[in-house]
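A.B. asks: Take this structure first; my questions come after.
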Amino acid sequence: MDKYLYDKELECPVCSKKFTTKKVRLRKIPVDKKDPDFHIWYKGINPIYYNVWVCPNCGFSVTESEHKPLNMDQKALILKQISMKWQKRDFGGERTYEQAVETHKLAMITGTLLGKSKGYLGSLCLRLAWLYREADNTALEMTHLKYALDHLEKAYTNESFPIAGLDELSLAYLIGELKRMLGEPKDAIFWYNRALEHPDIKHKRLIQLKAREQWQVAKEAYNLMKERAKDA
Ligand SMILES: [Zn+2]
């Protein structure tokens, strides 16, 4: 475990206390397999567990990209809505599955309070869905895939790229994939097409391959759906 993790020292943007969190040496972790929605199964350790940085003193919880200075109003909001109710606990060690889920929920609370972008909130929901997938909890996985889709679809039209770390065509593909998983193959095909017709697709061979593959899967599901509707 130690070869994959190291301690990072941080200062909390809300309460200014110092704390440490574990960071992951991502490139060293062996990959087991990849899902079509960009989720990666790693061997030995799961980097998603360490995605959210939680201040043990005041409860401020964000991912690395959002760990930045706040203005007075934002600090006051966190202190009033989160820190006042915060039961002090430290997520700075190796994390369990339950802690991974909890830290993502905490980040959702902080992110929603601060009015973070839909892209950011969507990416948190997507990671929560992946955690539930890893625990074979299909019902909660689907619920959070739907949350992720709602946020990311809004982000696609209203926010600037990169969104959730993705460029436009990769996000179009991901939205298609989420729609397909949620039983909307017709909409999925629309979004795969959007990715496949993007002028940059020729530089993104992997996504191009995946989009074509998943387009076929969605097409078959859609045909089946139409046949069933006819029989009914
Ligand atoms: Zn703090």
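A.B. asks: Considering only residues that are assigned to a helix (DSSP H, G or I) and in contact (Cβ under 8 Å) with a residue 40 or more places away in the chain, which ones fall in the stretch 175-212? Don't jump to the end; show me each part of the working.
C.D. replies: Keep residues of the stretch 175-212 that are assigned to a helix (DSSP H, G or I), which gives 175-181, 185-196, 199-203, 205-212.
Hits for the stretch 175-212 are GLY176, GLU177, LEU178, ARG180, MET181, PRO185, LYS210.
A.B. asks: Here is a check on your reading of the model: is PRO36 at pLDDT 95 or above, within 16 Å of the ligand (Cβ to nearest atom) and in a loop (DSSP other than H, G, I, E, B)? Quick ask: steps written out before the conclusion?
C.D. replies: Working: at pLDDT 95 or above: yes; within 16 Å of the ligand (Cβ to nearest atom): no; in a loop (DSSP other than H, G, I, E, B): yes.
No: the conditions fail for PRO36.
A.B. asks: Go through the stretch 1-34 and count every residue that is in contact (Cβ under 8 Å) with a residue 40 or more places away in the chain, out of contact with any helix residue (DSSP H, G or I) (no Cβ under 8 Å at 6 or more places or on another chain) and charged (D, E, K, R).
C.D. replies: Number satisfying all stated conditions: 2.
A.B. asks: Still on this model: Checking LYS23 against (1) closer than 22 Å to GLN99 by Cβ; (2) at pLDDT 95 or above; (3) more than 16 Å from the ligand (Cβ to nearest atom); (4) assigned to a loop (DSSP other than H, G, I, E, B), which test does it fail?
C.D. replies: With respect to (1) closer than 22 Å to GLN99 by Cβ; (2) at pLDDT 95 or above; (3) more than 16 Å from the ligand (Cβ to nearest atom); (4) assigned to a loop (DSSP other than H, G, I, E, B), LYS23 is out only on (4).
A.B. asks: Can you find, within the stretch 1-20, the residue that is modelled with the highest pLDDT among those that are under 26 Å from TRP41 (Cβ atoms) and among the hydrophobic types (A, V, I, L, M, F, W, C)? Reasoning before the result, please.
C.D. replies: As a first pass, look at the stretch 1-20 and keep what is under 26 Å from TRP41 (Cβ atoms): 1-8.
Cutting the leftovers down to among the hydrophobic types (A, V, I, L, M, F, W, C) gives us 1, 5.
Details: MET1: 59, LEU5: 95.
It comes out as LEU5.
A.B. asks: Let me ask something else. Which of the residues spanning the stretch 96-144 are hydrophobic (A, V, I, L, M, F, W, C) and touching a residue at least 40 places away in the same chain (Cβ under 8 Å)? Write out each step before concluding.
C.D. replies: Narrowing the stretch 96-144 to residues hydrophobic (A, V, I, L, M, F, W, C): 100-101, 106-109, 113-114, 121, 124-126, 128-131, 135, 139-140, 142.
Scanning the stretch 96-144 gives ALA100, LEU106, ALA107, ILE109, LEU114, LEU124, LEU126, TRP130, LEU131, MET142.
Conditions tested, residue by residue: (1) among the β-branched types (Val, Ile, Thr); (2) within 14 Å of the ligand (Cβ to nearest atom).
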{"position": "VAL52", "(1), (2)": "yes, yes"}
{"position": "GLU64", "(1), (2)": "no, no"}
{"position": "PRO69", "(1), (2)": "no, yes"}
{"position": "SER83", "(1), (2)": "no, yes"}
{"position": "PHE91", "(1), (2)": "no, yes"}
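A.B. asks: Can we say ILE78 is buried (at least 18 other Cβ atoms within 10 Å of the Cβ), within 13 Å of the ligand (Cβ to nearest atom) and more than 22 Å from LEU131 (Cβ to Cβ)? Don't jump to the end; show me each part of the working.
C.D. replies: Working: buried (at least 18 other Cβ atoms within 10 Å of the Cβ): yes; within 13 Å of the ligand (Cβ to nearest atom): yes; more than 22 Å from LEU131 (Cβ to Cβ): yes.
Yes.
The values are calculated or read from the model by the stated rules, or taken from the named source; none is laboratory data. As the structure is a prediction and not an experimental result, all values here were calculated from the model. Cβ coordinates were reconstructed from backbone atoms using ideal geometry, including for glycine residues, and neighbour counts include every protein chain displayed.
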